[in-house]
Amino acid sequence: LITDPVIKAAGGGDLADQALIDAMKHQLFSRADMITPNGVELAMLGGTEDPAEAAHRLMAAGCRSVLATGGHGDGPNITNTLFSNDGEPIHWHIDRVGGEYHGTGCTLAAAIAAGRACGLSPRTAIAQAQNFVHRAILHSLAVGHGQPVPDRGIRWEP
């Protein structure tokens, strides 16, 4: 079970109230193999601005691992960091495409889940999922008047 705690939208809007956040923390996260919060969500869920400390607080409360996603930051690269009880954090650095996109976090979580369901290790599933999301963003779709969405229907071969 890979869970994307959709609390904050890329545009900054709130997507969950405190009751939903509490329910996720107490009923869902302990069942998940991995949660994939963005930086803002991680700070809210872990109660601190320090990503490592927030992730460790969540793991102490029952999460098996935390993939802190960095898409909401600035700079030329996105840094995603996997925290687990298996050792030191693992970092991935991905070129930032630029712009804001709707649905990248849930696309990443779904792609990781698909990789894990196919028997990939967490590390390999994350790497493959990040490549998929990057390509999906490069081929994003403009729908309506909102943010573009990743093209999840792209054909991708590892």
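The values are calculated or read from the model by the stated rules, or taken from the named source; none is laboratory data. Here the structure is a predicted model, which means the values were calculated and not measured. Note that we place each Cβ from the backbone using ideal geometry, even for glycine, and neighbour counts take in every protein chain shown. Surface accessibility is based on the protein's heavy atoms, side chains included, excluding ligands, DNA and RNA. Shrake-Rupley method; radii C 1.70, N 1.55, O 1.52, S 1.80 Å.
Which of the three applies to region 32-73, rounded, prolate or oblate, going by the alpha-carbon gyration tensor with a ≥ b ≥ c and a/c under 1.5 meaning rounded? Oblate. Using a ≥ b ≥ c from the Cα gyration tensor of region 1-96 (square roots of the eigenvalues), is it rounded, prolate or oblate, where a/c under 1.5 gives rounded and otherwise the larger of a/b and b/c decides, a/b for prolate? Judged from the Cα gyration tensor, region 1-96 comes out oblate (a/c at least 1.5, b/c at or above a/b). Counted by Cβ distance under 13 Å from ARG123, the other residues give a net charge of -2, where Lys and Arg count +1 and Asp and Glu count -1. The residues neighbouring ARG57, those whose beta-carbon lies less than 11 Å from its own, together hold a net charge of -1 under the Lys/Arg +1, Asp/Glu -1 convention. Counting Lys and Arg as +1 and Asp and Glu as -1 over every other residue whose Cβ lies under 12 Å from the Cβ of THR79, the net charge comes to -1. Fully extending the segment from ALA19 to ASP95, taken as 0.36 nm per residue of separation minus the present Cα-Cα distance, adds 23.8 nm. Taking the protein heavy atoms of region 1-92 in the context of the full set of protein chains, the accessible area attributed to carbon and sulfur is 51 percent at 1.4 Å.
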